[in-house]
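Each value in this text was obtained by applying a stated rule to the coordinates, not by laboratory testing. Here the structure is a predicted model, which means the values were calculated and not measured. Positions of Cβ are generated from backbone atoms using ideal geometry, with glycine treated the same way; all protein chains shown enter the neighbour counts.
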Amino acid sequence: MAPRTIAPFGPQHPVLPEPIQLKITYENEKVVDVVPALGYGHRGIEKACELNEYPKNIHLCERICGICSCMHGISYCEVVERLWPMEVPPRAKYLRTIWSEMSRTHSHLLWLGLLADALGFESMFMQFWRIREKVLDLLEMTCGSRVTQSVSVVGGVRRDIDDEQKKICIRTLQEVRQEAEALINVLATDPTVKARTVGKGVLTKEQAILLGNNGPHLRASGVKEDCRMLGMQAYGELGFEPVVETDGDCYARALVRARETLQAIDLQLEAFSKMPEGEIYVRPKGSPPANEAVYRCEQARGEVFYYAKGNGTRKLERLRVRTPTFANIPSLLVMLPGSELADVPIIVLSIDPCISCTER
Amino acid sequence: MIENLKEISKDTLLQEVQKFADAKARFVTTVCSDLGDKLEVTYYFNYSPGVDMVALRMVVGKDEEVPSISGIYLTAVLSENEMFEQFGLKVKDMAIDFGGLMLLGKDSPVKPMVKDDAAAGKGGE
């Protein structure tokens, strides 16, 4: 038997934008065992949410993650609205949907760029990120901020999109779609990309379900599951259908995110065309009751789970946030053993890990 | 209010969870809450393909030990370790035991999510 070596992958590694360590045992360049080590970015946000009054937690939840910030804020507001319970005006639902899909667009473009970078395809990496800048510009124009948008409040949203901004958004999104589609065609057909991703880190449909995977990671294994199918926000009026691939490898995960990028733009354009006039905020009545509620939202990386428990006071009794990467990390324990050491970075990147989210 | 919630005891936990695995349901997460002298633990599952979620809930004493479901759902191992280090919930036979150091460090507060007088009022406002 060849000698076994244990090597740390991370917490600092070129494919890891955030710190996580994988203790990898390998033998003749083949991975035989993996143990994850977390704890580099835990901030106790769930505990902090018990110490603040309801509205202040929006800002805390938005800081669980930079890339998913907008949808964390929306998810917190939605779970509190269910706990209350209260109904949000239709226009606010459309605005939340538009900003959620803008977030998905820039998150997927970021990931596609990271994938290209990890493969050494530098020009493609820069092109994806160049396009992404246009989406961030739209977020800045409509929300006032490129990263932490902070537009959602309990009862609706704090900003509207006027007609002039709407025209700019539609024009820019059409440009972004055209440019992204051209790049995605290159990504999907390039022999080098295929050589590094096809057949790597394969998860079958059964494994993906049993491992609790979610998001593009799950859908790439042939499972048609997406929280947007629940019809929350305005998704129920947009004819949404999940993007699914069946091969369960790194290439399939890339294709799901690539197709979802284009789909997210289409959803935004459709939402702009259907968005009704009207109020964007309704003031919550009374005090938060002693009640509990659950809300699930489909972030770019997958399903985020929010649980809130009120106790009749102005502070929450309990807030629980389970982020997509928290559920997707265990799949690495199955995907990595048996793979070549050189494929580890691509396989790890293929789950689109967000450690800031995971540790909260 | 949580829909599709079933109250169970720790003695029937593995049996109930196995039913979900047999039905090809996806494990979503656990939620632990401090009830004062007891801990409330809820396990959430989702039927695939589809979006219906079902929950199992049990209430256990703070000194009681509960069985790990990571032998059935490996992915539960992170949630179980988190419940141990954040609430002190003792979980027996976890697939990976981080020894209370998964998210917290050696110098971190002990069981920070447990509600007590020391924790109340610190931070936040």
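Remark: the B:GLN18-B:GLU40 segment gains 5.9 nm on full extension, using 0.36 nm per residue and subtracting the alpha carbon distance. Inter-chain Cβ neighbour count for B:98-104, averaged per residue, equals 4 (cutoff 10 Å, partner chain atoms only). Note: relative contact order over chain B, using C-alpha pairs below 8 Å and six or more positions apart, is 21 percent. Restricting attention to region B:1-92, close to 75% of DSSP beta bridges with both partner residues there are antiparallel.
Per-residue shielding of A:263-269, expressed as the average number of other chain Cβ atoms within 10 Å of the residue Cβ, stands at 0.
If you average the sequence gap of Cα pairs under 8 Å that are 6 or more apart and divide by the length of region A:62-145, what percent do you get for the contact order?
Values: 52 pairs, mean separation 19.2, N = 84.
With pairs under 8 Å counted, the relative contact order is 23 percent.
Shown is the FRET efficiency for A:ILE170 and A:LYS224, computed with R0 = 25 Å from the Cβ-Cβ distance and rounded to the nearest 0.05: 0.25.
Applying the criteria of a DSSP loop state and at most 16 other Cβ atoms within 10 Å to the trypsin sites (Lys or Arg not before Pro) of region B:1-108 yields B:LYS24, B:LYS62, B:LYS106. Taking the Cα centre of the protein assembly as shown as origin and assigning +1 to Lys and Arg Cβ atoms and -1 to Asp and Glu Cβ atoms, the resulting dipole is close to 440 debye.
Put simply, region A:7-88 fits an ellipsoid with semi-axes of 38, 13, 12 Å; these come from the alpha carbon gyration tensor as the roots of five times its eigenvalues, largest first. FRET efficiency for the pair A:ALA2 and A:VAL198, taken as 1/(1 + (r/R0)^6) with r the Cβ-Cβ distance and R0 = 35 Å, rounds to 0.80. Residue order for A:HIS72, A:HIS106, A:HIS42, fewest other beta carbons within 10 angstrom first, comes to A:HIS42, A:HIS106, A:HIS72. For a straight C-alpha distance cut-off of 23 angstrom, the lysines reachable from A:LYS200 (same-chain residues fewer than eight places away being disregarded) are A:LYS23, A:LYS30, A:LYS224. Here's how it looks for A:GLU303: its modeled amide H is under 5 Å from those of A:GLY215, which are all 5 or more places away or on a different chain. Our estimate of slack between A:GLN12 and A:GLU181, defined as 0.36 nm per intervening residue step minus the Cα-Cα distance, is 57.6 nm.
Please work out the FRET efficiency for the pair B:ASP93 and A:LYS56, using the Cβ-Cβ distance as r and a Förster radius of 45 Å; give the result to the nearest 0.05.
Numbers: r = 40 Å, r/R0 = 0.89.
After rounding, the FRET efficiency stands at 0.65.
Taking every residue in A:215-224 and counting other chain Cβ atoms within 10 Å of its Cβ, the average works out to 1. One Cα centroid belongs to region A:1-66, the other to region A:96-119; the line between them spans 20 Å. Here the spin labels are modelled as points 7 Å beyond Cα on the Cα-Cβ line, and at A:ASP137 and B:LEU101 they lie 4.9 nm apart. Over all orientations, region B:5-92 has a Cα convex hull whose mean projected area works out to 5.2 square nanometres.
Using only alpha carbon pairs under 8 Å that are at least six residues apart, calculate the relative contact order of chain A and give it in whole percent. List each step's numbers first, then the result.
On the way: 708 pairs, mean separation 92.8, N = 360.
Relative contact order here is 26 percent.
Calculated mean residue ellipticity, 222 nm, the protein assembly as shown: -12500 deg cm²/dmol, from DSSP H runs (n ≥ 4) at -39500 (n - 2.57) each, averaged per residue and rounded to 500. Just report the Cα centroid separation between region A:248-323 and region A:180-234, whole Å. Taking the Cα centre of each part, region A:248-323 and region A:180-234 sit 20 Å apart.
How big is the Cα convex hull of region A:46-95 in projection, averaged over all directions, in nm²? Walk me through the numbers on the way to the answer.
Details: hull surface 14.9 nm².
Hull-based average projected area comes out at 3.7 nm².
Taking Cβ separations below 4.7 Å as the criterion for a possible disulfide partner, the isolated cysteines in chain A are A:CYS49, A:CYS61, A:CYS70, A:CYS77, A:CYS143, A:CYS169, A:CYS227, A:CYS250, A:CYS297. Within the straight-line cut-off of under 17 Å between alpha carbons, the aspartates and glutamates reachable from B:LYS6 are A:GLU292, B:GLU16, B:GLU40, B:ASP52, sequence neighbours fewer than 8 places apart in one chain being disregarded. By the rule of a C-alpha distance below 14 Å, with chain neighbours fewer than 8 residues away ignored, the aspartates and glutamates paired with A:LYS274 are A:ASP163, A:GLU237, A:ASP266.
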